[in-house]
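Here the structure is laid out as structure tokens; the discussion comes afterwards.
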Amino acid sequence: MPMAPLVSIRDLAVDFDGVPALRGLSLDIQPGEAVGMVGESGCGKSVTWLAALGLLPSKARISGSVRLGEQELVNAPAAALERVRGRRVAMIFQDPASALNPVHRVGKQVEEALRLHRGLRGAPARAEAKRLFDLVGIPDAARRLDAWPHELSGGQNQRVMIAMALAGQPDLLVADEPTTALDVTIQAQILELLDSIRREQNMALVLISHDLGVVAETCDRVLVMYAGRVVERAPARALFDAPAHPYARGLLAALPPLEGPRERLSAIPGQVPDPMRMPPGCAFAPRCPQAGPDCDAGVPQSRALEPGRSVACLRPAHAPRQPEYAM
Ligand SMILES: Nc1ncnc2c1ncn2[C@@H]1O[C@H](COP(=O)(O)OP(=O)(O)O)[C@@H](O)[C@H]1O
Ligand SMILES: [Mg+2]
């Protein structure tokens, strides 16, 4: 029997002053599962979770449903969302330096999260903050609690952010481009850390990245997003080995090779469409080497390719990693 999902999203859509940002996303997340969301900047990855947690400005119009267990989060009262944020669902962002408060010592900031989410104060809060610093791999934790954010490296600040996110013992951690600002070695360490914490605590993880390599390594399955829609969903391995949607293939071709110099091979030609001027059919058609006139006739429906795998494309391919976009 399948477990009840931890989070169940149905037809979530967001627009800002009538301009669509997210066009109907559905997703179930099981307890302890790692799900990746990948796509170029502006495709709706962040908006999905900001909408779910009630963190968008009031001009955002949100429809659809996000259920956390029995609780509906879309347009829920502020007080209800406050009880969810940090405690059941925590979110970390790309730039830890701007998310941490520069005028408070990092240990105090973790202690504040512990007070807020678990009612801990004084010595027990301090001890728990130290335990969390140890857990996220900050060396010499007892002393580092008294550091200021500017005294720590970017990687260590991101570990502090993760410690703060773990303070509320969330069931789900949404990590939004958590390693984009970090260099490659530190990036790998942070991803490993997130993965080991997820396994140890049976915490679900949503990893958001524009980098297919990052999500493929860390996640069980992946949603590929383009222009506010999911264009392919697949087990991570299968997607990485043989992406079916031409956009997913483009993302893969744009990855640097595993060996050799880590420079960008080729970006996908063209640009993400202007949300005000969406193509009539498939949003990717103007950039797609496979597109035909039929692609403009309507938005392609998502179709199952195999269990756990679907693609919204009239001409999906199962080609292995191939050089269509490269060079
Ligand atoms: N506060 C906002 N006001 C207006 N438009 C927004 C706002 N936040 C995001 N958007 C728009 O929503 C779309 C999706 O953005 P986002 O989810 O941030 O993309 P990403 O996939 O890079 O995380 C983009 O077109 C973006 O410009
Ligand atoms: Mg984003």
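The values are calculated or read from the model by the stated rules, or taken from the named source; none is laboratory data. Just so it is clear, the model here is predicted, and its values are computed rather than measured. All Cβ positions, glycine included, derive from the backbone under ideal geometry; neighbour counts span all protein chains shown. Just so you know, the surface numbers come from the protein's heavy atoms only, side chains and all, with ligands and any DNA or RNA stripped out. Shrake-Rupley method; radii C 1.70, N 1.55, O 1.52, S 1.80 Å.
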At most 13 other Cβ within 10 Å, DSSP loop - trypsin sites (Lys or Arg not before Pro), the range 91-151:
Arg121
As I understand it, the dipole of the chain uses +1 on the Cβ of Lys and Arg and -1 on the Cβ of Asp and Glu, about the Cα centre. Which of Ser58, Ala13, Ala127 lies farthest toward its positive end?
Ala127
The range 105-244 accessible area per residue, 1.4 Å probe, protein heavy atoms, integer Å², reads 39
Which lysines have a Cα lying under 26 Å from the Cα of Lys59, excluding residues fewer than 8 positions away in the same chain?
Lys45
May I ask you to give the percent of accessible area on the range 1-75 that is carbon plus sulfur, with a probe radius of 1.4 Å?
53
On the accessible surface of the range 81-134, probed at 1.4 Å with all protein chains in place, carbon and sulfur together account for a percent value of 52
When the chain is treated as a GNM, springs tying every alpha-carbon pair under 10 Å, which of Glu40, Glu82, Glu306 comes out with the largest mean-square fluctuation?
Glu306
Honestly the range 103-209 on the Cα gyration tensor test (a ≥ b ≥ c root eigenvalues; a/c under 1.5 rounded, otherwise a/b vs b/c for prolate or oblate) is just oblate
One would report the antiparallel percent of DSSP beta bridges in the chain, rounded to the nearest 5, as 60
Round to the nearest 0.05 the FRET efficiency obtained for Ala80 and Arg199 when R0 = 25 Å and r is the Cβ-Cβ distance.
0.25
Unit-weight point scatterers at every alpha-carbon of the chain, Debye formula, q = 0.13, 0.14 1/Å: log10 I(q)/I(0) is -1.00, -1.13
What value, in deg cm²/dmol to 500, does the helix sum -39500 (n - 2.57) over DSSP H runs of n ≥ 4 give at 222 nm once divided by the residues of the chain?
-9000 deg cm²/dmol
In straight Cα distance, which aspartates and glutamates are under 14 Å from Lys108, not counting same-chain residues fewer than 8 positions off?
Glu128, Asp146
DSSP-assigned coil residues among trypsin sites (Lys or Arg not before Pro) in the range 1-81, each with at most 12 further Cβ atoms within 10 Å
Lys59
